[in-house]
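Below: the structure, in structure tokens.
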Amino acid sequence: MIECPQCQNKEYLGAMFCSECGAPLIEDKTEDRDSTLQTNKISFSEDLARDYSPFLKPLSPVKTDPPFPETKESIAKHTRVQVIVSQSSKAVPLADKHEYTFGRVSGTQPVLPDIDLTAENAYILGVSRLHATIRLSEDYVTITDLGSANGTWISGKVIRPHVPHMISDGDIIHLGKLQLQVRIFE
Amino acid sequence: MTDNYQILGLPRNASNDEIRRSFHRLAKRYHPDVNVNIGAQTDFISIQRAFAVLSDHAQKAEYDKTLPPEIQRRYLTTKTLFSRPALIPLDEPQLLYTLLQITPPEGGENTTRTDINICLVLDQSTSMRGIRLEMVKSSAIEITRLLMEEDIVSIVTFADRANVLLPATFKPNERIIAAKIQTIETNGGTEIFQGLQAAFGQVKTHLSPRRTNHIVLITDGRTYGDEAACLNLANEMAELGISVNVIGIGEDWNDEFADELARITGGSSEYLSRPDHLKQILQNKVLHFTQIYADDVKLHFDSNQTAIVRYAMRVSPEASKMPVDSPIPLGSIANTPPTTILLELELDPIGRETSKVDLISGYFTGEIPNQYPATFLERVNISLPVKDSTVKSQPSPDLVNAVSRLTLFRMQEKIQREIQSKNTENAVLQLQKLATNLLSVAEYEFAQEVLNEAEHVRVNQDFSKQGKKQIKYGTRALMISAINRTTDTLIK
């Protein structure tokens, strides 16, 4: 039997796609597939999460202040929500749409994410091509994992795919191993 | 000079059983009690004579001595693609996918138009009133222009009862047909069995090895209580090589039932949300009928093997789920596009001493209307070696694509089951997964539809009226686009 890396469903050897979630089970060496992390055992059960301290450490000074392209005040005016990539401190304003898809661009991919994280080593860090969506509504902000290969975590807890989860100001999000911080300005 | 084996469409090494079965199959079709065709009687007599000789042990031996050496003839070309180049020894079951592409043999393609024996079965129930019936009438009139003098045509209308509007006849003047079609008016309910039975009566009297036989049913309603009778009838039709093709208009017709009718008879089923495209669909269908190389093609295989067919899907020319038991009715085979089927095979545990596993061993039967004798039997044997070392190899993109789309179709089937058994929460989750998968193959609009449907199911605990059919026939249509791109890459 083989196990689906995405939903742990068991299939007979020789199966090419998971019958449960549709994830490909065949090795595709064309590099176009999502990189399944070798450290796959970080399936965040509570115990493992504790052991995996470097992962959870609220990464070295998460810069919530500049370098922003604009002053804090002016951002607050235009931008309610920002996502900060922890490793590069790059801030991504989410302003003119209600929905943003995060992922990476590779090869012949037909659907492009709104926010491309390729430059942030997304492939190595296990970000799927279409990994998660952040939705902005009047009163709250939610994140939905799109059935990514390595999962999405809010503050160290893996979230159920395809179900929107509320996020609030300061939450640390992991797309695979790529760390983001969410800022919501009221 | 045609010998007795050729008349029964058999190779010389045919078993007694095969000889008997072939005779029965043909005798049923051309028996003069049923068949009023000119020529049916002589066909029947030659079949009977051939059987008399070949079924008698002593006579057969005598006859065989008089024959010139057998010329090996090819009736079909079968190409295969596998998900893996070899199987591995394993103490638990393993899966294998294979794409079978079936075409006329090289140089043997159909070069002339194929004559047809067609019956149109038109729903005239009250719900058809207005634009629907008008579209049906104008489309039916339109396609009579595609018919030729050698074609047999009949028209049946039905509501509570069936009415033979045009009894089976060589194609009459178009104006006569048009005038008859114009008289159709709506009344009453939808009793599909009545319609099919009347159609069967028309088509079966004109079976001929020189024509292909089709019933085209156009309906917008659900038949109540007579489904089982219809399916029994479909089995009878399948035996005689008559295909049933269903075109369902709107939301109310019973899609499972229509799919089943088509599946049994090797026909097709189609969903039209609005009647606008009816004319084009009908035209394409009739054009396809006239380009058929081999009709009523069935794949018979030995089912006591180590390989079980778990799932069978025709990918081309029309996507359709197939039965998994022998014989699989493949329907008709034209020059182009090729007929392609995707099989999921489950293999029993394989021991280390095994070096080769037979996947499919059996034979094709069918009729080639533009050849005489038309009937044929061709043996087929598909096997794969067993190798201990796992050879790493990339399956062909065509196969990967086809299996990927099949996965989507089966997710849809699972959703239907979840909703039927009232597990709506699971169904919603599955719909969302389906939507994500659709996004990854660039089906944005479809993905959005599926998400909307997920919301509808969450709120109403059931599919929306059109949602169920849209998702089913939408995922099915993806099958065709998966394989359409490249079919020359198949290896022999």
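The values are calculated or read from the model by the stated rules, or taken from the named source; none is laboratory data. For clarity, every value in this text was computed on a predicted model and none was experimentally measured. Every residue, glycine among them, receives a Cβ derived from its backbone with ideal geometry; neighbour counts consider all protein chains shown. We work out accessible area using only protein heavy atoms, side chains counted, and drop any ligands, DNA or RNA first. Shrake-Rupley method; radii C 1.70, N 1.55, O 1.52, S 1.80 Å.
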### Query
Residues of the protein assembly as shown: accessible area per residue at 1.4 Å, in Å²?
45
## Note on the structure
Among B:250, B:368, B:448, the residue whose Cα sits farthest towards the positive end of the charge dipole of chain B (+1 at Cβ of Lys and Arg, -1 at Cβ of Asp and Glu, taken about the Cα centre) is B:368
### Query
Can you give the extra length, in nm with one decimal, that the chain gains between residue B:64 and residue B:137 once fully stretched, where that is 0.36 nm per residue apart less the Cα-Cα distance?
20.7 nm
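Peptide B:84-97: average number of partner chain Cβ atoms within 10 Å per residue?
Per residue, the number of nearby Cβ atoms from other chains is 3 on average.
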### Normalised contact order of segment B:237-341, rounded percent, pairs of Cα under 8 Å and 6 or more residues apart
27
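What average count of beta carbons from other chains do you get within 10 Å of the Cβ of residues in B:436-444? Don't skip to the end; give the middle numbers.
Working: counts 12, 6, 2, 7, 11, 3, 3, 2, 2.
If you average over the peptide's residues, the count of other-chain Cβ atoms is 5.
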#### Entry: Percentage relative contact order, segment B:129-222, counting C-alpha pairs under 8 Å, at least six apart
29
### Query
What total accessible surface area, summed over both chains, is buried at the interface between chains A and B, computed with a 1.4 Å probe and given in Å² to the nearest 100?
2400
### Query
Which of A:10/B:298; A:90/B:433; A:177/B:414; B:79/B:387; B:180/B:285 have a Cα-Cα distance over 29 Å?
A:10/B:298; A:90/B:433; A:177/B:414
### Query
If one computes the Cα centroid of segment B:448-467 and of segment B:53-102, what distance in Å separates the two points?
47
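By per-residue mean of other Cβ atoms within 10 Å, what is the highest-first order of A:159-172, B:120-133? Let's see the in-between values first.
Working: A:159-172: 16.0, B:120-133: 20.6.
Result, highest mean Cβ count within 10 Å first: B:120-133, A:159-172.
For a quick protection proxy, order the peptides B:314-320, B:473-479 by their average other-Cβ count within 10 Å, most packed first. Present the calculation step by step, with values, prior to reporting the outcome.
Details: B:314-320: 23.0, B:473-479: 21.4.
Order by mean packing, descending: B:314-320, B:473-479.
What trypsin sites (Lys or Arg not before Pro) in segment B:357-427 are in a loop by DSSP, with at most 13 other Cβ atoms within 10 Å of the Cβ? Display every interim value, and only then the final one.
On the way: sites: B:379, B:387, B:392, B:405, B:410, B:414, B:417, B:422; in loops: B:387, B:392, B:422.
Here the trypsin sites (Lys or Arg not before Pro) that fit, given the DSSP loop and packing criteria, are B:392, B:422.
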### Task
Report the paramagnetic label zone for residue A:96: residues of segment A:104-148 whose backbone N is under 15 Å from a point 7 Å from Cα along the Cα-to-Cβ axis.
A:114-115
### Summary
per DSSP, antiparallel bridges as share of beta bridges in chain B, % nearest 5, sits at 65
### Task
Find, among the trypsin sites (Lys or Arg not before Pro) in segment B:1-50, those assigned to loop by DSSP (not H, G, I, E, B) with at most 16 other beta-carbon atoms within 10 angstrom.
B:12
### Message
Sequence gap at least 6, Cα distance under 8 Å: using those rules, report the relative contact order of chain B to the nearest whole percent.
### Response
17
### Message
Please report the carbon-and-sulfur percent of the accessible area for segment B:2-129; probe 1.4 Å, protein heavy atoms only, DNA, RNA and ligands left out.
### Response
53
### Message
Give the aspartates and glutamates whose C-alpha is closer than 18 Å to that of residue B:171, dropping any in the same chain fewer than 8 places away, or say none.
### Response
B:115, B:142, B:149, B:150, B:151
### Message
So if I place +1 on the C-beta of Lys and Arg and -1 on the C-beta of Asp and Glu, and nothing else carries charge, what would the dipole magnitude of chain B be about its Cα centre? I want it in debye, nearest 20.
### Response
580
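Suppose accessible area is computed on protein heavy atoms with a 1.4 Å probe; arrange B:237, A:1 from highest to lowest.
Working: B:237 0, A:1 110 Å².
Ranked from most to least accessible, the order is A:1, B:237.
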